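Below is one structure, written out as structure tokens; comments come after it.
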Amino acid sequence: MIKHTRLNQIVAAVVIAMGASTSSYAAIVPYAGETSPVIGASVIATGGHVIATFLSGGGFYDNYLYLSSPAGSAFENASSSSIGGNWIFENHISVAGTTVDLGDYAAGTELIFNVLSDTHGGGLLNWYTGPASRNSDGLAHAFIDSSAAAITANGGSVVGFEDLAGLGDAGYEDLRYAFSNVRSSVPEPASIALLALGLIGIGAARRRA
């Protein structure tokens, strides 16, 4: 049996997680349907073919999207210090709405995408989905929004990148992609809230007993 104090600790942790998953949203420049973007979350396959869709991309840098993991992907860049020709999308070449089948991935597989930015004089920079520790500046450069609204509006979970070292304006609007059959590694706030309410209900029932 879970003691009341322990249950209260669990509820508090869930509420904190709910706040952490939404607090970073304020700086993100919103795109169609985005309601629950989570910066630094990983992209997890849910099973089946993953279809990538180019949504938007601007800015001065030339940005090339690759799939760096799982290893052996047809869209893996052989070198982080050069531009390979097997990129998925390029922001100044790809047309909005263009789709690419990335292959079939088992549920639970993490897909690590990276954007290689050609800064035109400042060298090549690589930014990865997932935790900040993957990036050279120690900052998270991508978010994922797996909310129902984002998926309905864009045909898949939306992933956005910030291509400036140090995050620049931290708008994460430099590049936007949608991926079918993937989810965020962090539950969307609505799911966390339901879990918190359920735990609170259990606690109340135990106290009455």
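The values are calculated or read from the model by the stated rules, or taken from the named source; none is laboratory data. Given the structure is predicted, the values throughout are model-derived calculations rather than measurements. Please note: Cβ atoms are built from the backbone with ideal geometry, for glycine as well, and neighbour counts cover all protein chains shown.
When every residue of the stretch 83-101 is checked against the conditions, at least one turns out to be at pLDDT below 95, more than 20 Å from Val159 (Cα to Cα) and in contact with a Leu (Cβ under 7 Å, 6 or more places away or on another chain). Report the residue count in the stretch 151-168 for those that are without any contact (Cβ under 8 Å) to a residue 40 or more places away in the chain and among the acidic types (Asp, Glu). Summing the residues that are without any contact (Cβ under 8 Å) to a residue 40 or more places away in the chain and among the acidic types (Asp, Glu) in the stretch 151-168 gives 1. Just give me the residues in the stretch 72-98 being surrounded by fewer than 14 Cβ atoms within 10 Å (Cβ to Cβ), within 20 Å of Gly160 (Cβ to Cβ) and not aliphatic (A, V, I, L, M), in sequence order. Those that are surrounded by fewer than 14 Cβ atoms within 10 Å (Cβ to Cβ), within 20 Å of Gly160 (Cβ to Cβ) and not aliphatic (A, V, I, L, M): His92, Gly97, Thr98. All conditions but one from (1) modelled with pLDDT of 90 or more; (2) in contact with a Ser or Thr (Cβ under 9 Å, 6 or more places away or on another chain) apply to Leu55; the one that does not is (2). Within the stretch 113-150, the only residue that satisfies the criterion of being out of contact with any Asp or Glu (no Cβ under 8 Å at 6 or more places or on another chain), among the small types (Gly, Ala, Ser), in contact (Cβ under 8 Å) with a residue 40 or more places away in the chain and outside any loop (DSSP other than H, G, I, E, B) is Ala132. Just so you know, in the stretch 125-173 the residues that are of a type in the set (D, E, K, R) and buried (at least 16 other Cβ atoms within 10 Å of the Cβ) include one that is modelled with the lowest pLDDT, and it is Glu173.
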